[in-house]
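Input: a single structure, listed below in structure tokens.
Only the coordinates and a few stated rules stand behind these numbers; no lab work does. Since the structure is predicted, the reported quantities are computational estimates derived from the model, not experimental observations. Every residue, glycine among them, receives a Cβ derived from its backbone with ideal geometry; neighbour counts consider all protein chains shown.
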Amino acid sequence: MTYHQFLTYVREQSVYELEHPEDYQITINHVVKNNSVELDGICLHKHGESLSPTIYLNSYYEEYQKGRPLKSILGEIISTISNDIPRLEIPASLYDDYDSVRQQIILRLVNYKRNQEQLKTCPYLPFCDLAITFRWLVHSDPYGIASSLITNRELDLWNITVEELYQTAIVNTRNLFPARIQPLQELLTEYQEENKAFQQFMDSPLPSIPLYLLSNQNRINGATCMIYEHVLADFAAGQNSDIYILPSSIHEVLMIPARFPLEEEALLSMVYNANRTVVSLTEILSDSIYRYDRFRNRITLIEQWQDP
């Protein structure tokens, strides 16, 4: 079965797995995710509800190719939609009212070059080789978040500037997703199972040097914490040193006190290799590294070399 045949099969057969199929409209949507990664998802829109969950099918097709039965795949998709995704009753008109959503507007850091097409449609602020984008937080729990990208349409509709949007979003993001710094050594048992990128760093010559992980309490899109006011300044003051910042993924960054003997080329190589071996395409933040200058209170970019 080809990929497109698989998509058609899942869409047509899902209706037989639903308890009340007449209540749903089922479609296959092509979606461009972070870093311009294109995915196909099955969307089950229940009549009368304003939000529709989407389950991405690309990984399921890979499982099918490895021999997983179609019945098992369909069952998991329906179970996920029926039991694991929260039902969110949010009037569509709410999004048109800035005062109604302003307390849920948050920031997200993305790679500028990998998201250039999407950035043409939404407000953003440049930050080194990254872009600060803005999202409406629809739902958050310990298992994940649901959010919607704020586009130029909303900026015009709300009649606000990008700078005003930033001032609102940075306060909200700090309050909703507080920063957390932990020594990486304390997290090895937990994180080596969850994130192979950490193992990549621990297999490097760095273990003799203290590494610290910066993320938020949820460990989701936690790399944004590197732009929180005072986070880097306070950490650098405590270390009495400038700080190297290594982007492990969009979810966290690693910090290394610059007082230790380090070769920037080696740090760049580690980040570059991790992004191409263990970090998923949608979760890559950057091939570059950064240095926080504690006296100037400024982050500088140390760029990765280009592929030949």
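Overview of values
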item	result
Exposed-loop-free span, longest in the chain, where trypsin sites (Lys or Arg not before Pro) count as exposed if DSSP calls them loop and at most 13 other C-beta atoms lie within 10 Å	121-258
Placed amide H near Ser140: partners under 5 Å, 5+ positions off or other chain	Ala146
Calculated FRET value between Gln65 and Ala237, using beta carbons and R₀ = 51 Å, to 0.05	0.45
For the stretch 3-84: relative contact order, % (alpha-carbon pairs under 8 angstrom, 6 or more apart)	24
Net charge of Cβ neighbours under 13 Å - reference Gly238; Lys, Arg +1; Asp, Glu -1	0
Structure-derived Cα Rg over 2.2 N^0.38 Å: which label, when the choices are [x] 0.99; [y] 1.10; [z] 1.05	[y]
Nearest-0.05 FRET efficiency for Lys46 and Ile181, computed from C-beta distance (R0 25 Å)	0.05
Contour excess over end-to-end distance, with Cα ends at Val278 and Glu76 and 0.36 nm allotted per residue	70.2 nm
Where Cα atoms sit under 25 Å apart: lysine pairs in the chain separated by 8 or more or lying on different chains	8
Gain upon complete extension [Lys113, Glu264; 0.36 nm per residue less C-alpha separation]	52.2 nm
FRET efficiency, Val138 to Arg298 (Cβ-Cβ, R0 45 Å, nearest 0.05)	0.85
Virtual spin-label span in nm between Gln103 and His20, 7 Å along Cα→Cβ	3.2
Neighbour-count order for Thr277, Thr133, fewest beta carbons within 10 angstrom listed first	Thr277, Thr133
The chain: calculated mean residue ellipticity at 222 nm from DSSP helix runs of at least 4, using -39500 (n - 2.57)	-9000 deg cm²/dmol
In range of the label at Leu149: residues from the stretch 5-45 whose backbone nitrogen is under 11 Å from the point 7 Å along Cα→Cβ	31-38
The chain: relative contact order as a whole-number percent, Cα under 8 Å and 6+ apart	13
